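Nothing in this text is a laboratory measurement; each read-out follows from the coordinates by a stated rule. Remember, it's a predicted structure, so these values are computed and weren't measured experimentally. Don't worry about glycine lacking a Cβ; one is built from the backbone with ideal geometry, like all the others, and counts go over all protein chains shown.
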Amino acid sequence: MAIVQTATNTFKTQLLNGGFNFTSDTFYIALYTANANLNENTTAYTSENEVVASGYAAQPLTVSITPTSSNDVSYISFNNVSWNAAITARGALIYKLGANGAVCVLDFGSDKTSTATFQVQFPAASSNSAIIRLV
């Protein structure tokens, strides 16, 4: 099994078909163990190998900057999200509910463990570093 950081093929296709609206759709983030198989072919949220911990549930994301463009790059980002729980996670999936809802896979590079609060910190919302950028 492997977690591969990538925008999903579903996201790229559905974006061109008008299947995602970052100003009105609700997006979520789910955390996964190292046993998860998440990559460019992930099409939707799955509970298989999702983190199981007291106090953990997939969280809705808040868009921190509406879709914008700068330096010939369009981008969007989310506010940081946290769980008040002891968690070990290897990666995450950003998605919206429904079929073909997978947006992108995040690979943390190694297992990340918290004893009280687990936080996913998104990079700055800019054309050089936003979590989702179209070049």
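Looking at region 49-99, which of its residues are among the hydrophobic types (A, V, I, L, M, F, W, C) and more than 16 Å from Thr117 (Cβ to Cβ)? I'd like the intermediate steps shown before the answer.
Step one: of region 49-99, the residues among the hydrophobic types (A, V, I, L, M, F, W, C) are 51-53, 57-58, 61, 63, 65, 73, 76, 78, 81, 83, 85-87, 89, 92-94, 97, 99.
Residues satisfying the conditions are Val52, Ala58, Leu61, Val63, Ile65, Val73, Ile76, Phe78, Leu93, Ile94, Leu97, Ala99.
Which of (1) in contact with a Ser or Thr (Cβ under 9 Å, 6 or more places away or on another chain); (2) closer than 23 Å to Ala36 by Cβ is the odd one out, the single condition Ser54 does not satisfy?
(1)
Across region 1-12, which residue is surrounded by the fewest Cβ atoms within 10 Å (Cβ to Cβ) among those that are touching a residue at least 60 places away in the same chain (Cβ under 8 Å) and more than 24 Å from Thr88 (Cα to Cα)?
So the residue we want is Thr10.
Which fully enclosed strands (runs of 3 or more DSSP E) of region 1-91 have 3 or more residues being among the small types (Gly, Ala, Ser)?
Numbers: elements: 27-32, 59-61, 63-70, 73-78, 81-83.
Qualifying strands (runs of 3 or more DSSP E): 63-70.
Go through region 56-88 residue by residue and tally those that are crowded, with 18+ Cβ neighbours inside 10 Å and over 16 Å from Tyr45 (Cα atoms). Steps first, please.
Narrowing region 56-88 to residues crowded, with 18+ Cβ neighbours inside 10 Å: 56, 58, 61, 75-78, 81, 83, 87.
This time we only want the ones that are over 16 Å from Tyr45 (Cα atoms), so: 75-78, 81, 83, 87.
Summing the residues that are crowded, with 18+ Cβ neighbours inside 10 Å and over 16 Å from Tyr45 (Cα atoms) in region 56-88 gives 7.
Given Ile76, Ile65, Ile87, which one is on the phi < 0 side of the Ramachandran plot and in contact with a Pro (Cβ under 9 Å, 6 or more places away or on another chain)?
Numbers: Ile65 fails: in contact with a Pro (Cβ under 9 Å, 6 or more places away or on another chain); Ile87 fails: in contact with a Pro (Cβ under 9 Å, 6 or more places away or on another chain).
So the residue among Ile76, Ile65, Ile87 that is on the phi < 0 side of the Ramachandran plot and in contact with a Pro (Cβ under 9 Å, 6 or more places away or on another chain) is Ile76.
Is it the case that some residue within region 107-128 is under 21 Å from Thr13 (Cβ atoms) and surrounded by 14 or more Cβ atoms within 10 Å (Cβ to Cβ)? Steps first, please.
Of region 107-128, the ones under 21 Å from Thr13 (Cβ atoms) are none.
Checked region 107-128: no residue is under 21 Å from Thr13 (Cβ atoms) and surrounded by 14 or more Cβ atoms within 10 Å (Cβ to Cβ).
What is the number of the single condition among (1) over 19 Å from Ser24 (Cβ atoms); (2) touching a residue at least 40 places away in the same chain (Cβ under 8 Å) that Ala99 does not meet?
(1)
Please go through region 36-49 and pick out each residue that is of a type in the set (Asp, Glu) and surrounded by 16 or more Cβ atoms within 10 Å (Cβ to Cβ). Talk me through it step by step, then tell me what you get.
Quick first cut of region 36-49, residues of a type in the set (Asp, Glu) only: 40, 48.
Within region 36-49, Glu40 is the sole residue that qualifies.
Say we look at region 14-35 and pick out the residues that are in contact (Cβ under 8 Å) with a residue 24 or more places away in the chain and over 19 Å from Val63 (Cβ atoms); which of these is surrounded by the fewest Cβ atoms within 10 Å (Cβ to Cβ)?
Of all residues in region 14-35, those in contact (Cβ under 8 Å) with a residue 24 or more places away in the chain come to 14, 19-20, 22-23, 25-35.
When the remaining residues are screened for being over 19 Å from Val63 (Cβ atoms), the result is 31-35.
Working: Leu31: 28, Tyr32: 25, Thr33: 18, Ala34: 15, Asn35: 11.
Checking each candidate, the answer is Asn35.
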